[in-house]
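One structure is given here, and the rest of the page talks about it.
The values are calculated or read from the model by the stated rules, or taken from the named source; none is laboratory data. The structure displayed is predicted, hence computed values, not measured ones. As a convention, Cβ positions derive from the backbone with ideal geometry for all residues, glycine included, and neighbour counts pool all protein chains shown. When the accessible area is computed, the model is the full protein with side chains, heavy atoms only, and any ligands, DNA or RNA have been set aside. Shrake-Rupley method; radii C 1.70, N 1.55, O 1.52, S 1.80 Å.
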Amino acid sequence: MIRSTWWLVGVLVLALTSCGSSTARPADVDAEQPDAAAGAEDAASPPAADAQSSSGPDASPASPDAGAAGPPDAAAPPCTPASADAGTSRSGYPLDGWTWTRHGVLFEPPAEVNGDLAPSLVSDGTALHLFFTRKQGTTHRIHHAVSRDGGATWAVGATAATGLGEDGVVAYPAALFEGGKFRLWYGSGTFDLAESADGDAWTIVQAAALRPGDTGAFDDWSLLYPAVTHDAAGYQMLYTGYDGAGFAIGRADSADGKVFARVGNGPVLAKGSAADVDNHAVAQSAVVRAGQTWLVWYGAYDTSKSNPGPYRVSLATSTDGLAFTKRGLTLELSEAGTEAWSTRDPAVLRTAEGWLMVYSGMGDDGRYRLFRATSTTCAPADP
């Protein structure tokens with residue numbers, strides 16, 4: 001497998017595992033802004049949290065992306081129509097128009113690790129499977145958990161997945177379930193593709209499915225956080241690119257999922273203006289295809305009130321996967337506790353009950369945990 005050099009991976013781990021806070025925090029080297037250089041802490045209090053966002057896009061449910069292996073439309077109950085005005089969060093940012101009910105921590109990481117992040121959700125038709133990164137110091141490993149009650153409880157594997165390599169950073173999974181097997185794109189620096197019958201023992205079938213871009217490109221230093229969908233035309237990947245100074249989200253396509261080619265000459269989603277919730281960076285995308293609409297939740301990095309600042313989950317939509325409209329903030333920070341310093345790394349799946357999101361948060365104790373939220377908001381339908 002082709003990877004970044006060890007020192008580059010160290011910089012990238014420091015950068016993208018950022019969950020900046022506007023309050024003092026413990027000495028965690030990962031709690032830095034997502035530049036190579038960290039900024040000064042701001043002692044101001046963190047923004048207050050919205051317990052939930054507002055209601056969502058006004059349309060009827062649609063079938064999920066084929067790769068998501070979710071239930072058909074017939075299984076989906078009626079959902080809540082959109083409100084004309086989504087409103088604003090307590091921190092002053094526009095909300096995206098969806099309603100999410102938070103259900104708290106999925107499972108507590110072992111005491112000896114820094115925590116869990118970068119989840120990917122998939123259904124095999126009978127159970128939900130969660131692939132996530134467990135961080136211990138500078139070592140990252142992909143783990144597997146299974147739920148048979150719709151995501152309420154999870155059985156977590158006792159050990160990391162095998163067969164994915166022995167590099168220090170084996171992380172950032174994106175999973176699909178197809179043809180009776182799991183497919184997993186993952187990596188830091190480049191992306192590899194592995195396959196598994198059970199989600200625990202893997203075989204790498206394609207090294208370097210996507211490499212960093214050419215010199216001067218937005219992704220010329222490294223690639224992280226793939227998110228993959230599959231339709232009749234092939235596989236579409238959104239991913240986070242790093243150029244040594246900042247992060248943006250790009251797209252690459254593949255006929256078979258093994259070798260991807262970039263679409264366009266730059267990112268499809270980039271940081272916003274100085275007053276936006278994503279004024280400093282966008283990263284960690286999750287993509288769901290709902291009818292003709294691409295729903296992309298992502299980590300929005302905000303330094304408008306403090307630097308370092310927090311990540312918050314936000315939403316963007318598109319009809320072609322190339323030109324995106326940013327809809328606003330999805331998950332605000334909590335006022336204190338386990339989500340006080342960030343909400344980030346979303347993974348979203350359409351279910352018979354509506355929508356399930358698993359995401360990573362960082363608390364005021366400096367630990368990463370995985371959380372669950374659900375929504376019955378409508379998805380855009382085919383025209």
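Overview of values
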item: Residue in the range 252-267 that is closer than 26 Å to S375 by Cα and either part of a loop (DSSP other than H, G, I, E, B) or in contact with a Cys (Cβ under 6 Å, 6 or more places away or on another chain) (or both) present; result: no
item: Total residues in the range 128-145, condition under 15 Å from E108 (Cα atoms) and in contact (Cβ under 8 Å) with a residue 40 or more places away in the chain; result: 5
item: First in the range 245-257 and under 16 Å from G272 (Cα atoms), second anywhere and among the charged types (D, E, K, R) and not in a loop (DSSP other than H, G, I, E, B), Cβ under 9 Å, 6 or more apart; result: G250/R262
item: Matching option when the condition is more than 26 Å from D302 (Cβ to Cβ) and either crowded, with 22+ Cβ neighbours inside 10 Å or of a type outside the set (F, W, Y) (or both), among G244, G272, G257, G266; result: G257
item: Checklist (1) modelled with pLDDT of 95 or more; (2) farther than 22 Å from Q136 by Cα; (3) surrounded by fewer than 24 Cβ atoms within 10 Å (Cβ to Cβ) applied to T338, failing item; result: (2)
item: Residues that are within 15 Å of L356 (Cβ to Cβ), under 15 Å from the mean Cα position of the chain (by Cα) and among the hydrophobic types (A, V, I, L, M, F, W, C), drawn from the range 112-137; result: L121, V122, L130, F131, F132
item: Qualifying residue in the range 296-316 (condition: farther than 21 Å from W98 by Cβ, free of Cβ contacts under 8 Å to residues at least 24 places away in the same chain and open to solvent by 10 Å² or more (accessible area, probe 1.4 Å)); result: no
item: Residue among G125, G97 that is over 17 Å from S342 (Cβ atoms), touching a residue at least 60 places away in the same chain (Cβ under 8 Å), assigned to a loop (DSSP other than H, G, I, E, B) and not aromatic (F, W, Y); result: G97
item: Condition broken by G163, with the remaining ones in (1) touching a strand residue (DSSP E or B) at 6+ places or on another chain (Cβ under 7 Å); (2) on the phi < 0 side of the Ramachandran plot satisfied; result: (2)
item: Qualifying residue in the range 363-378 (condition: over 18 Å from F131 (Cα atoms), touching a residue at least 60 places away in the same chain (Cβ under 8 Å), buried (at least 24 other Cβ atoms within 10 Å of the Cβ) and under 15 Å from the mean Cα position of the chain (by Cα)); result: no
